[in-house]
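Q: Shown below is the structure under consideration.
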Amino acid sequence: MANKRDPQIERKLRPLYDALDNLNNKQAIQRADKLLKKEKDFHCARVLKALAMVRLMKCEEALAILEHVKTHFPLDESTLQAMSLCYKELLLPENIPELYETALKYSENSEDFLTQLFMGYVRIKEYKKQQQIATKLHKLTSITAYSYWNAVSLVFMGRDNPELGKVMCFPLALKIIEKSKEKSSETAEEVFRLYLEVLELMGQHERALEELDNPKNIVIDDRERLRFRLHFHKILGNVEQTNILYKQAIEAEADCYEFYRGYFDTSFSLLTDTENLHDPDFQVDLNKADTSVHEMTGLLLKVSEDSGGNLRGPELAKTELVIRLKERQIELCSFASPTLLVLEYVRKYGHKACCYDDLKLIVDRMSDSEKSELIGIVEEYRGTVKESNGTKAMQRLATLHLLLHHLGKYSDLEADALTYVLEEIKNFHQITLEVDLDCSYVETFALLYSWITCDSLKDKAVDAIKLLFSKLESFPEGAACRIIAIRLFIYLGAIVPADEVYNGLDIKSIQNDSLAHIYYPNLIPLGGFSLADRLSRQMESFYRTNEREVLECVVKSYLCGKFHKVSELFELHESLVYSISKAVFLLDKLWLSFLLSSAPDWNQIEVLLTTVREEMCAVRTDNLVDNRDYQVNDVCDSRHTEMAALQKSCSYLHDTMYVKLRHFMINSLLVLQDTVSTKSLDTMDEVVASFIRDVVDRAAELPNTEDYPIYLVMSQSMTAWTPFFDLLITIAQESRNYVLHSVHGVAVEFNLQRITDKIAELQEKVKGDLLANETLSSRHIPYLSCLMQTVGFGVLCVMCGAATPQRKKRALAESTLSTLRETVRSLRDLCEECSLTATGHRLANLNINKDDSIDSRIAFSIKWSIDEIAAVVSRILTLISSLNCRSKPKS
Amino acid sequence: MCTLRPFTCKDLFRFNKVNFDPLTENYGISFYLQYLVNWPEYCTVAESPSGQIMGYILGKSEGQGEDWHGHVTTLTVSSQFRRLGIAHTLMNELEKISENQKCYFVDLFVRVSNSVAINMYKNFGYSIYRQILEYYAGGSAPHSPPDEDAFDMRKALSRDPQGKTLVAKKKVIKTTELFSN
């Protein structure tokens, strides 16, 4: 931690540094206090004490110390660096520049201070200021690196303000780079990249191409050079040139499929001048087409021959070319029909696990008649493969089944035929489990079975889980099987086994941001409050640490001269700060802190409200970024491709609404507590209005997922919340009116009875849904969870608005308390009734077999969920009791 | 049939399918960023025609004098895309970069129990240089695996035509000796 420092001070601080390095923050505070006792103006010791406090989450106290030290204008490097570290850990990088601005007043030409100040501005994107400092550093030291810092700062300034960029920033940056280039014999790769970037920003694409062709600039590898050339030619609309480049690229690297696509795109574009194939008057110049097709087929034949027919690229490209020609009604190709080419491809590469992935994009481009023809051909071929044995034959069979499912073959089958197919797949799965140790196609058969079941036979979900488990027992690493098992368990309302399977995925670090969506959003709806609480707390710390780390990497990029990483890292930083998963985690954490408080009483809630008020400032609810990875949801049936594509946008809408709902609930509590004047209560109107605008009015936009296969169904939490919207609004408004009347004496009408009446009404409805025909539908548990949370919200609102003990006027009337108590008790009774029903295994839609472990686990989990909800209801009752004690007049 | 492209920060949100492999370690963000910032040219992704990440390699160049070398930190390929030569393509790419950097050799560490990987590297021209005792830490939990030794495997590059850098002074070393060098 310490370098270039006074050795005497360093010696004194060593024990303190050691304690901090060993994460012993309490000891660090004690050691700092000891030093400060001897030397009360030992600023660095004081700041290190603040650092320990930050790490113990005593942020307010730490900030007070830092403010105090700042008034003494510290100039020593140790103190300044320790203060910078504190601000970084507090996620307040904006406070760092001021430290060095002050220090520079006393030591104007300190290169160290200037560098630190430059980095301080980098962290907060103060481009203009960082450019000024870079200029000063360069003038002072003549070090070339600083001139590049200057150029990069100008690039960012120009991007931020394109007008200024055009007239000043970019030309100046170009001048700086050219000047530096002239001075050195060899151009570094990073400088050349920066040079190309500036030329592009200035619209000098031809010049960029000239520079790429200049042998002096051989600083980037051939692949990158080609990428840049293609990029600039595309911008300039040089189709012919791009076409030639793609052709050369194929000749050099015949297995890179990206080149074939580019080659075909440009070839067809040249053929028609404008690629407007949907134009009814579109006519192909046959002579031109003949030459072009001849050239394309010639190239494919040549590269195929050169590779001895061993590369997949040219073989697949033949099929794509034929399909593209057919789309354009050009019948000039000598290759076989697309269906036969696909069959040929499967014959050749069907034993490789990637074969289906290669073909799926190609077959999607086929016409319906070609798809039907292909189904026939593939089925016929499958008949011959079934007779073969061995690993390759099994993988080939897996590929054929995948292809048939993709083509929709299994979606149109009658029940008997479908059962036959499923039995066959199950049989293959069993054989592969027994005979081979390669897990990839064992997984394929298990997945196929589950996909088909999920799609067509939802009532057989438990069977699918059993098959998946038989695979997981032999090959526990099958992530795809785990993901679909999680989906199925959640579909059946069983969060406990879903949690076990999710844990087996061993998801860590950034994966929680991109993958938690497959499991986390179902925790609270299914009663997994403590599981949600644990994960959301972990994630809060993850975001805090990593947002800081990423900013430090931006700084490192400047120091290492890897300038092209700066934008990328800033983008990553934004992705974390505005992550939609982060917003969900943080708001859930705050909301759960009310529901799960260790000793529910009013005092604790009051303390919580203060913390929550501070933490709410850091929660972003707008312009959220979706980092979630939906590629982990394999989709095989091509009819679901569109649904899968929609899934991401629908899920984003869903979670945005969820964030707004939670924001509304927590904000309502904060507004009701802050009742110093009637003015603060006016905010409630805004809070309710934004809830109506962002959530209630948009509820109709939520997709109906009834037709979705189970493996694509996202969280149902918002659907479960919909019936409670009116009640939530009523609670917020009536509580506000109650405070206005009882605390401020404003003549407004209020009726708390309305809240309890509405709760009772909804409770009856939920009861009806949950216990219809004395059975319990597992998919309705989220309604019970929402009902409990709404009641909790009601109780908290009434308490926040009326129960501050210091204000006697705000004490709750016994009648109100008694009504609240009755309401919560009746909810507890409902939970008990549901729990009894679940215990009796009378679960609708489930054929429960008590002897089977999967069935029992599902039944146990459903009861567990209800009991967890009931436990929170009991906490709410305890909370009301604590209030009851307070409202009693003091004797 | 893959496209090689630089590993970018965005890939951290998209590499899940590859990282589900139990032998592929999931590191914290700062680990990946350390490589992306310091050695971006050594970080490459192989992408399928459908846009999926098939595998990736992360590495670096380090050492001084005749120890200046390229190092493979992570090489992984998704199970769906194995036996297609993706690992070889990625290794070739890293060796090419190391050649450009004028390295003497490329090295990598592999678990002694991972015979599939060891044989694969041998096929790529690597040989066992030495064994490092208890290089891979086991877990502290009751049923977690014990510590495991690593093979340090090397392949000489054109700057070391005699293969001098492939001859180790000690065939077996402790992990502490490795870091003290």
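The values are calculated or read from the model by the stated rules, or taken from the named source; none is laboratory data. The structure displayed is predicted, hence computed values, not measured ones. Neighbour counts are summed over all protein chains in view; Cβ atoms, including those assigned to glycine, are modelled from backbone coordinates with ideal geometry. Surface areas here come from the heavy atoms of the whole protein model, side chains and all, with no ligands, DNA or RNA. Shrake-Rupley method; radii C 1.70, N 1.55, O 1.52, S 1.80 Å.
Q: Return a whole-number percent for the relative contact order of chain A, with Cα pairs under 8 Å and 6 or more residues apart as the contact set.
A: For chain A, the relative contact order is 8 percent.
Q: Which residue, A:Ile854, A:Thr756, B:Cys2, has the largest displacement toward the positive end of the dipole of the protein assembly as shown when charges sit on each Cβ (Lys, Arg +1; Asp, Glu -1)?
A: About the Cα centre, the residue reaching furthest to the positive side is A:Thr756.
Q: Considering only DSSP beta bridges with both partners in the protein assembly as shown, what is the antiparallel share in %, to the nearest 5?
A: 75 percent
Q: Number of Lys pairs in the stretch A:137-283 with C-alpha atoms less than 21 angstrom apart, excluding same-chain neighbours closer than eight positions?
A: 12
Q: Can I ask one more? Can you give the FRET efficiency for A:Asp682 and A:Thr878, using 1/(1 + (r/R0)^6), R0 = 35 Å, r = Cβ-Cβ distance, to the nearest 0.05?
A: Efficiency, from the Cβ-Cβ distance: 0.60.
Q: R0 = 41 Å: FRET efficiency of B:Gln162 with B:His88, Cβ-based, nearest 0.05? Display every interim value, and only then the final one.
A: Details: r = 25 Å, r/R0 = 0.61.
My answer for the efficiency is 0.95.
Q: Continuing with this model, one more query. Do the alpha carbons of any pairs in A:Lys302/A:Lys409; A:Lys128/A:Lys565; A:Lys58/A:Lys129 sit beyond 27 Å of each other, and which pairs?
A: A:Lys302/A:Lys409; A:Lys58/A:Lys129
Q: Within 10 Å, count the other beta carbons around each residue, average over each peptide in A:359-371, A:743-755, A:312-324, and list them highest first.
A: Details: A:359-371: 16.0, A:743-755: 14.2, A:312-324: 22.6.
Taking the mean over residues of other Cβ atoms within 10 Å, the ranking is A:312-324, A:359-371, A:743-755.
Q: Ignoring ligands, DNA and RNA, how do A:Asp455, A:Asp306 rank by accessible area with a 1.4 Å probe, largest first?
A: Order by accessible area, largest first: A:Asp306, A:Asp455.
Q: Separate question: So how exposed is A:Lys386, as accessible area in Å² (1.4 Å probe, rounded to 10)?
A: In the full protein context, A:Lys386 sits at about 80 Å².
Q: Tell me whether the protein assembly as shown comes out rounded, prolate or oblate; compute the Cα gyration tensor, take square roots of the eigenvalues as a ≥ b ≥ c, and use a/c under 1.5 as the rounded threshold. Display every interim value, and only then the final one.
A: Values: a/c = 1.71, a/b = 1.15, b/c = 1.49.
Oblate.
Q: With a ≥ b ≥ c taken as the square roots of the eigenvalues of the C-alpha gyration tensor of chain B, please select rounded if a/c is under 1.5 and otherwise prolate if a/b is larger than b/c or oblate if it is not?
A: oblate
Q: Roughly how many nanometres apart are two label points built 7 Å out from the Cα toward the Cβ at B:Lys10 and A:Glu61?
A: 4.6 nm
Q: Same structure, new question: Output the relative contact order of the stretch A:109-200, whole-number percent, from Cα pairs under 8 angstrom with separation of 6+ residues.
A: Across the stretch A:109-200, relative contact order equals 20 percent.
Q: If a helix is a whole DSSP H run, which ones in chain A reach 15 Å or further along their own axis (Cα) and hold a mean Kyte-Doolittle hydropathy of at least 1.0?
A: Sorted by number, the helices that extend far enough and score high enough are A:479-491, A:580-595, A:781-802.
Q: I've got another one for you. Tell me which of B:Thr176, B:Phe124, B:Asn114 sits at the most positive position along the dipole axis of the stretch B:88-181, charges placed on C-beta atoms (Lys, Arg +1; Asp, Glu -1).
A: Value computed over the given set: B:Phe124.
Q: Consider a paramagnetic label point 7 Å from the Cα of A:Glu373 along Cα→Cβ; state which residues of the stretch A:339-355 have an amide N under 20 Å from it.
A: Within reach of a label on A:Glu373, which here means backbone N under 20 Å from a point 7 Å along Cα→Cβ, the stretch A:339-355 contributes A:339-348.
Q: Specify which residue in the list A:Thr816, A:Ser598, A:Tyr502 is farthest towards the positive end of the charge dipole of the protein assembly as shown, using unit charges on the beta carbon of Lys, Arg (+1) and Asp, Glu (-1), about the Cα centre.
A: In the protein assembly as shown, that residue is A:Ser598.
Q: Also, quick follow-up: With +1 on the Cβ of every Lys and Arg and -1 on the Cβ of every Asp and Glu, and nothing else charged, how large is the dipole of the protein assembly as shown about its Cα centre, in debye rounded to the nearest 20?
A: 3820 debye
Q: In the full protein assembly as shown, how much of A:Tyr420 is accessible to a 1.4 Å probe, in Å² to the nearest 10?
A: The accessible area of A:Tyr420 comes to roughly 140 Å².
Q: Follow-up. Explain nothing, just the number: dipole magnitude of chain B about its Cα centre with +1 on each Lys and Arg Cβ and -1 on each Asp and Glu Cβ, in debye rounded to the nearest 20.
A: So the dipole magnitude of chain B works out to roughly 340 debye.
Q: Work out the length of the dipole vector of the stretch A:145-220 about its Cα centre, built from +1 on the beta-carbon of each Lys and Arg and -1 on the beta-carbon of each Asp and Glu, and round it to the nearest 20 debye.
A: About 260 debye.
Q: Now a separate question. Using a Förster distance of 22 Å, how high is the FRET efficiency between A:Asp757 and A:Glu814, based on the Cβ-Cβ distance and rounded to 0.05?
A: 0.70
Q: Using the Cα gyration tensor of the stretch A:291-435, with a ≥ b ≥ c the square roots of its eigenvalues, what is the shape: rounded (a/c below 1.5), prolate (a/b larger than b/c) or oblate (neither)?
A: Here the stretch A:291-435 falls in the oblate category.
Q: Hey, another quick one. On full extension of the chain, what length is gained from B:Lys171 through B:Asn26, given 0.36 nm per residue of separation minus the C-alpha to C-alpha distance?
A: Result for the pair: 49.2 nm of gain on full extension.
Q: Also, I was wondering about something else. Can you give the accessible area of A:Trp864, probe radius 1.4 Å, in Å² rounded to 10?
A: Here the residue's solvent-accessible area equals roughly 60 Å².
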